[in-house]
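Only one structure is covered here, and it is reproduced in the block below.
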Amino acid sequence: MEIIVCIKQVPDTTEVRIDPQTNTLQREGVASIINPFDMYALEEGIRLKEKYGGKVTVITMGPPQAEEALREAISLGSDEAILITDRALAGSDTWATSLTLAKAIEKIGRFDLIICGKQAIDGDTAQVGPGISAHLNIPQVTYVKKIEEIRILEHQSTGAPEHRAPSTHSAIVRVQRMMEEGYVVMEVPLPCLITVVKEINEPRLPSLKGKLRARNALITKWGIQDLGIDKQDVGLEGSPTRVVRVFSPPPRKGGQILQGNVQEMVEKLVELLKSEIL
Amino acid sequence: MRDYLLTEEQRMIQDLARKIAQEKIRPVAAKYDETEEFPWEIMRILAQSDLFGVFIPQEYGGLGGGVLELAIVTEELSRACGGIAVCYAATGLGTYPIILFGNEEQKKKYLPLIASGKKLAAFALTEAGAGSDASAIQTTAEKKGDYYLLNGTKQWITNGGEAEVYTVIALTDRTKGARGATAFILEKGMEGFSFGKKEKKMGIRASATRELIFNNCKVPKENVLGKEGMGFIVAMKTFDVSRPGVAAQAVGIAQGALDLAIEYAKERKQFGQSISSFQGIQFMLADMATSIAAARALIYTVCRAVDRGEKDIAKESAMAKLFASDVCMKVTTDAVQIFGGYGYMRDYPIEKFMRDAKITQIYEGTNQIMRNIIALNLIKETLR
């Protein structure tokens, strides 16, 4: 199994402040963590590797300090890490981000399964995972709560998995996709992309040997030139969406307690409903 | 000052142990205290994180650290639960005889299993009639050709029944007294080796304490640690390196209690203000923190001396254990005091710290025995 896990480094708080001028996240003074949903993706990738063998490659797009997130991923059991960092990528929306990640995955070449968290806790769009699969033109399943099994359809007696092209469709993955009430069981040919929800597993803590390995691990760094991406296709320029305004919802005003007997209160309530709400 | 001159690697170990303690142990500490079940789920987490390997040499599957690394982990775990911490620390105590006195085959056989956390270890010296007077042990080991037959009962053995590997001290020659004792490595499941009932304790209730019963227990002669007759040397040299670990447990329990006391003092309001604004409380907190810092500095200093290979450390090792455990008892008692009536209630986590603290003044040599060791060494030093 060649597994690719996409992660994002996010501020360690759900109380993200937003720069009112640029409408972008204010990262200064906030500690960074791996997006919690991506921790489930990483854990699932590592478990699959432990069960089926193979390799987990973790990739992220972000500023140079996102390297810390990749080292943490290695300490948890990832084998390789790729940082896509380039000033030209600043301001990329989910379209430009998923294009960039897809290009990086194409450059990696071999893969059976791509795993992403269902969304990042800072932007909450849940679009990058599906975006990658669209750019790569592979199937996707979002909100996966369980991987039931990975089944090899054709027994390949010759050729180790690493020589298999990503498009042989020789295996399928059977997953449970979370719905509002219950779940759907789906079978999808590999290679494919899944995004996972927190119900899928309980992420492990790093091991000391993993941490020591992470400290000295080589992190591959790619810029847009390495990926053959044109400058105008990414960054603010390459982003078809614009965030016009981001704001905190106004705080809820305190309620009103009506006084008097039932008759009076009902009359007052009807009057208020008519004038204020209806 | 936070790091007490720890290396980058030691800080990494400390951070990981702290994360496990705060995220995984703290939420379940009260549960294990109540149920007295053995915390296997936590042992598995510690194993997966490689924490059992921190004090074991690299050539035997460990990370190559020493007693300072063992102390750092023990301290952090104790901050969350002194009982769960001792399950870990007692494995260190049971393993050190093998590290210090094991031959190549013994080390190769046992240390990797312990380093990976696949097997817990335990150390067995104490008997019903042999506590502070360890030389009064009655368990015998009679040589029968290729093996020894062990008979007798060990008492209050931490990790007893849960551990797979035991270092056991037994008499091979009754006539020679202390010089007639020998250390053996025993494995759970050996013929004639069974366990007594699980003791009910005041504190450290997550840990298992049982009797080890030997009834014509057959132990191969390859399992002798060191040489016949070296049993007490094995025990004493082991205690010299393990006592800073008990001290670390004590300082961890004290730190955990102080953390809770500060938190509570800030929240609790009396006379219209938070009780942390009262000098009476402030001075208690200041004294608690100062004595903890002093104890920790002493422990780390002794650990570093051990890890540098210094030989005569019995006195300093005893000092660390004595001082840290007395600090622990005082700090946890004061922490309960700061909590007032709430502190006495089992709904609040602080009384457990006081119960857990007491044992640190008793086991691995009572504090009275510690003072004996210190005083004897002081006098011996002046005779040189």
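A few notes on this one:
- Screening residue B:41 against (1) of a type outside the set (Val, Ile, Thr); (2) part of a helix (DSSP H, G or I); (3) over 21 Å from residue B:210 (Cα atoms) leaves a single unmet condition, (3).
- Evaluation of residue B:39 against (1) surrounded by 17 or more Cβ atoms within 10 Å (Cβ to Cβ); (2) closer than 21 Å to residue B:353 by Cβ; (3) within 14 Å of chain A (Cβ to nearest Cβ) (one fails), failing number: (3)
- Failed item in (1) out of contact with any helix residue (DSSP H, G or I) (no Cβ under 7 Å at 6 or more places or on another chain); (2) within 13 Å of chain A (Cβ to nearest Cβ), with residue B:73 passing the rest: (1)
- Qualifying positions in the stretch B:108-131 - surrounded by fewer than 17 Cβ atoms within 10 Å (Cβ to Cβ) and either in contact (Cβ under 8 Å) with a residue 40 or more places away in the chain or among the polar types (S, T, N, Q) (or both): B:108, B:116, B:118
- Close pairs from the stretch A:92-105: first at positive phi, partner surrounded by fewer than 23 Cβ atoms within 10 Å (Cβ to Cβ) and of a type in the set (S, T, N, Q), Cβ under 6 Å, at least 6 apart: none
- Listing of helices (runs of 4 or more DSSP H) fully contained in the stretch A:1-112 that carry 1 or more residues being under 29 Å from residue A:238 (Cβ atoms), of a type in the set (A, V, I, L, M, F, W, C) and open to solvent by 30 Å² or more (accessible area, probe 1.4 Å): A:36-52, A:94-108
- Residues that are among the polar types (S, T, N, Q) and within 17 Å of the chain's Cα centre (by Cα), drawn from the stretch B:114-131: B:126
- In the stretch B:1-18, residue least open to solvent (accessible area, probe 1.4 Å) [restricted to those that are at pLDDT 95 or above and within 18 Å of residue B:257 (Cα to Cα)]: B:17
- Residues (of a type in the set (Asp, Glu) and touching a strand residue (DSSP E or B) at 6+ places or on another chain (Cβ under 7 Å)) located in the stretch B:169-205: B:187, B:191, B:199
- If the condition is being open to solvent by less than 60 Å² (accessible area, probe 1.4 Å) and modelled with pLDDT under 95, then the stretch A:147-167 contributes A:150, A:159, A:160, A:164, A:165, A:166.
- Residue B:65 satisfies every condition listed in (1) at pLDDT 95 or above; (2) open to solvent by 20 Å² or more (accessible area, probe 1.4 Å); (3) outside any loop (DSSP other than H, G, I, E, B) except (3).
- Candidate set from the stretch B:4-25 (those that are under 22 Å from the mean Cα position of the chain (by Cα) and outside any helix (DSSP H, G or I)); member that is farthest from the other protein chains (Cβ to nearest Cβ): B:4
- Sole exception among (1) touching a Gly at 6+ places or on another chain (Cβ under 7 Å); (2) within 14 Å of chain B (Cβ to nearest Cβ); (3) open to solvent by 70 Å² or more (accessible area, probe 1.4 Å) for residue A:215, by number: (1)
- In the condition set (1) of a type in the set (A, V, I, L, M, F, W, C); (2) in contact with a Ser or Thr (Cβ under 7 Å, 6 or more places away or on another chain); (3) away from chain A (no Cβ under 14 Å); (4) surrounded by fewer than 24 Cβ atoms within 10 Å (Cβ to Cβ), residue B:89 is compliant with all but (4).
- Residue B:42 at pLDDT 95 or above and over 24 Å from residue B:99 (Cα atoms): yes
- Given (1) touching a residue at least 12 places away in the same chain (Cβ under 8 Å); (2) surrounded by fewer than 10 Cβ atoms within 10 Å (Cβ to Cβ), number of the condition residue A:255 does not satisfy: (1)
- Any hit, the stretch B:321-335, residues being more than 30 Å from residue B:31 (Cβ to Cβ), outside the structural domain of residue B:83 (by TED's automatic domain parsing), over 16 Å from the mean Cα position of the chain (by Cα) and modelled with pLDDT of 95 or more: no
- Being more than 13 Å from every other protein chain (Cβ to nearest Cβ), of a type outside the set (A, V, I, L, M), in a helix (DSSP H, G or I) and over 21 Å from residue B:252 (Cβ atoms) is a description that does not apply to residue B:78.
- Residues located in the stretch B:339-384, provided they are surrounded by fewer than 19 Cβ atoms within 10 Å (Cβ to Cβ), among the polar types (S, T, N, Q) and in a helix (DSSP H, G or I): B:367, B:368, B:372, B:377, B:382
Residue by residue, here is whether (1) buried (at least 18 other Cβ atoms within 10 Å of the Cβ); (2) at pLDDT 95 or above holds:
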| site | (1), (2) |
| --- | --- |
| B:178 | no, no |
| B:185 | yes, yes |
| B:233 | no, yes |
| B:238 | yes, yes |
| B:259 | no, yes |
| B:262 | no, yes |
| B:272 | no, yes |
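- Residues located in the stretch B:44-62, provided they are away from every other protein chain (no Cβ under 14 Å) and either hydrophobic (A, V, I, L, M, F, W, C) or not in a helix (DSSP H, G or I) (or both): B:57
The values are calculated or read from the model by the stated rules, or taken from the named source; none is laboratory data. It should be emphasised that the depicted structure is a prediction, and the values quoted were computed from it without experimental measurement. Reconstructed Cβ throughout: ideal geometry from the backbone, glycine too, with neighbour counts over all protein chains shown. SASA here: full protein model, heavy atoms, side chains in, ligands and nucleic acids out. Shrake-Rupley method; radii C 1.70, N 1.55, O 1.52, S 1.80 Å.
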